[in-house]
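Everything on this sheet refers to the single structure shown next.
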Amino acid sequence: MKLSLTLACNVYDRTFALLTGAVAPEGIDLNVVVLEPGELFRRQARHAEFDVAEFSVSTHTILQAQGDRRLVGLPVFLSRRFRHSDFYVSTAAGIRAPHDLLGKRIGVMEYQATAMVWQRGVLHHEYGVPADQVEWLFGAYDRPGTFEERIPITLPERFRTRVIPSSESLDGLLARGEIEALIGTHPPRSVRAGTGAVARLFPNYQEVEVEYYRRTGIFPLMHMVVMKREVYERAPWIAMSLYKAFVQAKQVGYERLREVGPSVSMLPWLHQHLEEADALLGPNPYAYGLQANRPVVEAFVQYSHEQGLIDRPLAVEDLFAAETLDTADAEAATH
């Protein structure tokens, strides 16, 4: 008899085969719930609603450092993205280079969000702008609204922070020049509207990201997979069963993208893009497993500590189920 588990995640090319049942984890009957990450992360962080779930790398790291052991991680990284494209500056602020942000005011939706950890890491380690040398403003991104962190965090006193009124938005403050910069996950309204009041800090962001990757080897991790600890401890074998299934689903996704014939994507130059990505990142840019991702995970934990999100450097092994620490994609795909 199979173990029945609920999996909550978004629809991606690398999860599609799991969601349709084309790939099934051995010994497990998955009940799939499709949820957008923002809602899912809050629900899982606060209530651990789902047996298995896509989850924020940052929030999982914070919970582990806080001693909250409700969740166990799998080194399955469902989302990765370079973040240089999402630094925005007021065109009236005279910001010509990242170093000009020293001492300035920067808006963020959530200080703890994984994207923001990577972006602050870039500012610190690439451009000499540590997180405690600017002022951070928290609030609604595009439109006025109430601000609430997905889980409570307390930053050390050396970090200057404040919450903007619910009648304001970070984009509105930026467009009026009341803050100098904004970092987020997508272009704010003022950029989409083409007002000219806000511009990207890195207009040639793809070139900058390619050079960053070639020099650092970092393709930033955004989302991972977590299991409820109570479920995992009752049946530890589910860790490897799920890991293998996610690897196999990703392989199916790769194969669909690379099929010759009718394209699975609306991108007109999909195969040219795949060739370029393969040349830069290799044929498996979304590699799962700690072996393939240890330096990137270690960098993320370091940044989290530097930015006051965790009070001690964690061993990266503490983030994941013990059964998965030594595995790699190739091994999982052939067993």
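Observations on the model:
- One residue from LEU35, LEU7 being farther than 17 Å from LEU74 by Cβ and out of contact with any Gly (no Cβ under 9 Å at 6 or more places or on another chain): LEU35
- Near pairs, Cβ below 6 angstrom, 6+ apart or cross-chain, from segment 122-143 (touching a residue at least 12 places away in the same chain (Cβ under 8 Å) and assigned to a strand (DSSP E or B)) to any residue that is surrounded by fewer than 16 Cβ atoms within 10 Å (Cβ to Cβ) and among the hydrophobic types (A, V, I, L, M, F, W, C): PHE138/VAL163
- Segment 1-16, residues that are under 12 Å from LEU35 (Cα atoms) and in a loop (DSSP other than H, G, I, E, B): ASN10, VAL11, TYR12
- Cβ pairs under 8 Å, 6+ apart, first in segment 161-182 and among the basic types (Lys, Arg), second part of a loop (DSSP other than H, G, I, E, B): ARG176/ALA197
- Of all residues in segment 44-97 being of a type in the set (A, V, I, L, M) and under 30 Å from GLU211 (Cβ atoms), the one that is surrounded by the fewest Cβ atoms within 10 Å (Cβ to Cβ): ALA97
- Pairs with Cβ under 6 Å, 6+ apart, first in segment 48-67 and at pLDDT 95 or above, second of a type in the set (Lys, Arg) and surrounded by fewer than 24 Cβ atoms within 10 Å (Cβ to Cβ): ALA48/ARG70; ALA48/LYS228; GLU49/ARG43; ASP51/LYS228
- The single condition among (1) in a helix (DSSP H, G or I); (2) surrounded by 13 or more Cβ atoms within 10 Å (Cβ to Cβ); (3) under 19 Å from the mean Cα position of the chain (by Cα) that MET224 does not satisfy is (1).
- Looking across LEU325, LEU280, LEU319, LEU270, one residue alone is farther than 26 Å from ARG229 by Cβ, outside the structural domain of THR114 (by TED's automatic domain parsing), within 22 Å of the chain's Cα centre (by Cα) and of a type in the set (A, V, I, L, M). It is LEU280.
- Which listed residue, of GLU207, GLU168, GLU149, GLU211, is of a type in the set (Asp, Glu), more than 29 Å from HIS60 (Cβ to Cβ) and either part of a loop (DSSP other than H, G, I, E, B) or in contact with a Gly (Cβ under 9 Å, 6 or more places away or on another chain) (or both): GLU168
Conditions (1) outside any loop (DSSP other than H, G, I, E, B); (2) touching a residue at least 12 places away in the same chain (Cβ under 8 Å); (3) out of contact with any Phe, Trp or Tyr (no Cβ under 8 Å at 6 or more places or on another chain), marked per residue:
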residue: GLU233; (1), (2), (3): yes, no, yes
residue: ALA239; (1), (2), (3): yes, yes, no
residue: LEU242; (1), (2), (3): yes, yes, yes
residue: VAL247; (1), (2), (3): yes, yes, no
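- Every listed requirement among (1) surrounded by 16 or more Cβ atoms within 10 Å (Cβ to Cβ); (2) closer than 22 Å to VAL11 by Cβ is met by LEU101 save one, (2).
- Taken as a whole, the condition of being polar (S, T, N, Q), modelled with pLDDT of 95 or more and within 30 Å of LEU309 (Cβ to Cβ) does not apply to SER4.
- Cβ-Cβ under 6 Å pairs, at least 6 apart or on other chains, segment 291-310 side outside the structural domain of TYR111 (by TED's automatic domain parsing), far side buried (at least 19 other Cβ atoms within 10 Å of the Cβ) and hydroxyl-bearing (Ser, Thr, Tyr): SER304/THR61; ILE310/SER304
- Scanning segment 183-200 for residues that are free of Cβ contacts under 8 Å to residues at least 12 places away in the same chain and either surrounded by 15 or more Cβ atoms within 10 Å (Cβ to Cβ) or among the hydrophobic types (A, V, I, L, M, F, W, C) (or both) yields one hit, ALA193.
- The helices (runs of 4 or more DSSP H) found wholly in segment 260-335 and carrying at least 1 residues that are more than 24 Å from GLN64 (Cβ to Cβ) and among the charged types (D, E, K, R) occupy 270-281, 329-333.
- Against the test of being of a type in the set (A, V, I, L, M) and within 26 Å of GLN64 (Cα to Cα), the options LEU19, LEU3, LEU40 yield a single qualifying residue, LEU40.
- Residue match in segment 289-306 (condition: among the acidic types (Asp, Glu) and within 20 Å of the chain's Cα centre (by Cα)): yes
- Test: LEU174 is assigned to a helix (DSSP H, G or I), of a type in the set (A, V, I, L, M), modelled with pLDDT of 95 or more and crowded, with 17+ Cβ neighbours inside 10 Å: yes
The values are calculated or read from the model by the stated rules, or taken from the named source; none is laboratory data. This structure is a prediction, so every number in the text was calculated from the model and none was measured. Counting neighbours? That spans all protein chains shown, and the Cβs are built from the backbone with ideal geometry, glycine included.
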